[in-house]
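Right, one structure below, let's go through it.
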Amino acid sequence: MRQQLFFSPTMRDVPQGADIASHQLMLRAGLIRQTASGVYSYLPLGKRVLRKVEEIVRDEMDAAGGQEMLMPAIQPAELWQESGRYTDMGPELMRLKDRHERDFVLGATHEEVITSLVRDEVTSYKKLPMNLYQIQTKYRDERRPRFGVLRSREFIMKDAYSFDADEEGLDKNYQAMYQAYSAIFTRCGLDYRAVEADAGAIGGNGGTHEFMVLSAIGEDTIAYSDASDYAANLEIAAVPDNYKKADPAEKLLSTTETPAMKTIKEVSNYLGQDPSKLLKSLLFIVNEQPVLVICRGDHEINEIKVANAFGEMHAELADQETVQQVMGTEPGFIGPVNAPEHVEIIADFAVKSLNAAVCGANEADKHFQNVHPGRDFQVNRFMDLRIVQEGDAAPDGKGTYRFAKGIEVGHVFKLGTKYSEALGASFLDENGRSNPIIMGCYGIGVSRTIAAVIEQNHDENGLIWPKSVAPFDLHLLILNTKQEEQVKLGEELYELLRTKGYDVLFDDRKERAGVKFKDSDLIGLPVRIACGKKAAQGVVEVKIRRGGEVEEIQVDSLIEYLQKTFEKLV
Ligand code: ATP
Ligand code: MG
């Protein structure tokens, strides 16, 4: 491609409102432009990278037995009403009406469409298993679109759906997708980790992993063991029950004044007690029922674990008014001792080893002291309810937890029969009995993956593309277009390199050499070849973008040199 004619506007300055490297560089190098908040156009350079990533995805999906298809973005609201997600997805779901006032949505994913398709076409076990996928545009009205294409409102996803007659089949499909994803992200040059994730109310037996690209700007926290392969999203990372039952109580329960002391910190300072000796009590509303959840004062309750404890998608923290109504006092003074009978009490494992603890007295400005679980209050269930902390023991018994930040680029999920039951997708088994089809779903954020690649592959001068996803292989520069020898050599090499199968961006612009070098570093193709002062002697200057080595190479040996170089390049 001749750069003279190429639509790739570059920018010198850091664009306003772009806070992270990938967003800044995608704008500056001319890969994308914003059309609306969270909505982007891909310019030719960006589109080339998209195509490269898509081809890797396609390649591995096909190899894993996937069949590519294409489903519509516009979907009838009825389908989403059938699955229940028309209300469940809330304002994130983009909605629209046609000219007849009929309701439609813009697809956020395609479980509904694919399940209804399969429902109508697949009725026998003989057609199973099956794995269908597409690479297509998704719409989500994110609360905070940001970081460019990392969290946008319109984005490109690869979504796959598997259909099986039994759990073993699902396991197989899930494993195949897990392997394919590992291959895809490795080929994209990413440093990533597959972590156990929240399966919510529908996941069942540990069937979900997120693929996380390690990056300081990641919105997710990965909790991993420093001594084994165990890694999980902080949201669900398990804390093992290493707590012994408390020694028998020695002191009697007593009440103490704690005027206006509501937080753990205030109470612990006021009473001179370590936060680990306090009980933290939070009132949740789960399935419309009040639940008092307690943990140690130095721990944090994990709302996802609370919801999962009841097999629900959400556990909602009660508002001040509800707390007052249920517990008879404000949130800062509630506790499990003397709690109303109809309030279920569940506690984190750590609570059972507390002795002589402090908790709210369910009365304003008062706390109990010398509280003993089992004597002063009963716990319905002791469970893992807290957020793991760095240094906690890992659940596989090996090592302790460490944290890292990650960008979720992919997600594999055992759906089970949620959608097939809701939409009535069933098949007849060998014995002629009807069963719901067992499904899995598997997503990759194709556009987000590009941003993640950039987060891990750039320097202060610009992008550094891994060769597998680079928009071109080579950047060929004529440093001075007024010098005939340079132009002649440039043109010859442009021909030659293309006949040798290289994808070449040819900077034939009438710009100063300094401008060209800067743009070249910014765009970040793996190898730069400059035709400069020594063109007449048949010598070019070659620079490897990653590492920055510069070498003068005789044109005669250039092709051989490039072959060797590309073999070694990431
Ligand atoms: P997140 O927690 O980041 O919102 P999600 O759990 O909603 O992600 P999924 O529904 O599992 O995401 O979608 C599959 C993949 O699509 C994700 O792994 C991610 O790579 C990508 N993705 C999701 N939302 C966005 C978005 N707003 N912009 C870009 N990519 C996205
Ligand atoms: Mg989301």
Problem - Scope the stretch 293-314; condition touching a helix residue (DSSP H, G or I) at 6+ places or on another chain (Cβ under 8 Å), more than 25 Å from Gly374 (Cβ to Cβ) and open to solvent by less than 50 Å² (accessible area, probe 1.4 Å); matching residues - result: none
Fill in the blank from the handout: Contact list, first residue from the stretch 82-95 and in a loop (DSSP other than H, G, I, E, B), second anywhere and open to solvent by 30 Å² or more (accessible area, probe 1.4 Å) and away from ligand 1 (no atom under 12 Å from the Cβ), beta-carbon distance below 9 Å, six or more apart or interchain, is Gly84/Ala422; Leu93/Tyr86; Leu93/Leu106
Exercise for the section: Being out of contact with any helix residue (DSSP H, G or I) (no Cβ under 8 Å at 6 or more places or on another chain), of a type in the set (Asp, Glu) and surrounded by fewer than 18 Cβ atoms within 10 Å (Cβ to Cβ) is the filter here, so list the residues in the stretch 373-432 that pass it. Expected result: Glu390, Asp396, Glu421
Fill in the blank from the handout: Log entry, pairs with first residue in the stretch 554-570 being over 18 Å from Glu492 (Cα atoms), second being modelled with pLDDT of 95 or more and of a type in the set (Val, Ile, Thr), beta carbons closer than 7 Å, six or more apart or on different chains, reads Thr565/Val527; Thr565/Ile544
Problem - Some residue of the stretch 122-129 being among the basic types (Lys, Arg), open to solvent by 10 Å² or more (accessible area, probe 1.4 Å) and touching a residue at least 40 places away in the same chain (Cβ under 8 Å) - result: yes
Fill in the blank from the handout: Residues in the stretch 28-62 that are farther than 19 Å from Gly445 by Cα and out of contact with any strand residue (DSSP E or B) (no Cβ under 6 Å at 6 or more places or on another chain) total 4
Handout entry: Top-ranked residue in the stretch 443-468 [being of a type outside the set (Asp, Glu) and touching a Ser or Thr at 6+ places or on another chain (Cβ under 6 Å); ranked as nearest to ligand 1 (Cβ to nearest atom)]
Key = Ala451
Practice task
Tell me, yes or no, whether the stretch 352-365 has at least one residue that is touching a Leu at 6+ places or on another chain (Cβ under 8 Å) and either of a type in the set (Asp, Glu) or open to solvent by 20 Å² or more (accessible area, probe 1.4 Å) (or both).
Solution key: no
Exercise for the section: Pick out, from the stretch 145-263, the strands (runs of 3 or more DSSP E) lying fully within it that include 3 or more residues that are away from ligand 1 (no atom under 12 Å from the Cβ), in contact (Cβ under 8 Å) with a residue 24 or more places away in the chain and open to solvent by less than 10 Å² (accessible area, probe 1.4 Å). Expected result: 154-164, 220-225
Exercise for the section: Please enumerate the residues belonging to the stretch 43-62 that are within 25 Å of Phe7 (Cβ to Cβ), in contact (Cβ under 8 Å) with a residue 12 or more places away in the chain and either within 15 Å of ligand 1 (Cβ to nearest atom) or in a helix (DSSP H, G or I) (or both). Expected result: Pro44, Leu45, Gly46, Arg48, Val49, Leu50, Lys52, Val53, Glu54, Ile56
Fill in the blank from the handout: Considering the stretch 121-137, residues that are more than 29 Å from Val14 (Cβ to Cβ) and either outside the structural domain of Gly107 (by TED's automatic domain parsing) or assigned to a strand (DSSP E or B) (or both), and then whichever is nearest to ligand 2 (Cβ to nearest atom), we arrive at Gln136
Fill in the blank from the handout: Cβ pairs under 8 Å, 6+ apart or interchain, first in the stretch 535-548 and in the same structural domain as Asn480 (by TED's automatic domain parsing) and modelled with pLDDT under 95, second hydrophobic (A, V, I, L, M, F, W, C) and open to solvent by 20 Å² or more (accessible area, probe 1.4 Å), ordered by first then second residue, are none
Problem - Single residue of the stretch 106-118 satisfying the filter (within 16 Å of ligand 1 (Cβ to nearest atom) and surrounded by fewer than 23 Cβ atoms within 10 Å (Cβ to Cβ)) that is farthest from Leu428 (Cα to Cα) - result: Leu106
Exercise for the section: Kindly indicate the residue of the stretch 267-290 that is within 22 Å of Gln378 (Cα to Cα) and of a type in the set (Gly, Ala, Ser) and also surrounded by the fewest Cβ atoms within 10 Å (Cβ to Cβ) among those meeting that condition. Expected result: Ser276
Practice task
Could you tell me whether Ala176 is over 17 Å from the mean Cα position of the chain (by Cα) and closer than 30 Å to Lys568 by Cα?
Solution key: yes
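The values are calculated or read from the model by the stated rules, or taken from the named source; none is laboratory data. Worth saying up front: this structure is predicted, and the values here are computed from it rather than measured. Here Cβ is always computed from backbone atoms with ideal geometry, including for glycine, and neighbour counts include all displayed protein chains. These area figures cover heavy atoms from the full protein model, side chains too; ligands, DNA and RNA do not enter into them. Shrake-Rupley method; radii C 1.70, N 1.55, O 1.52, S 1.80 Å.
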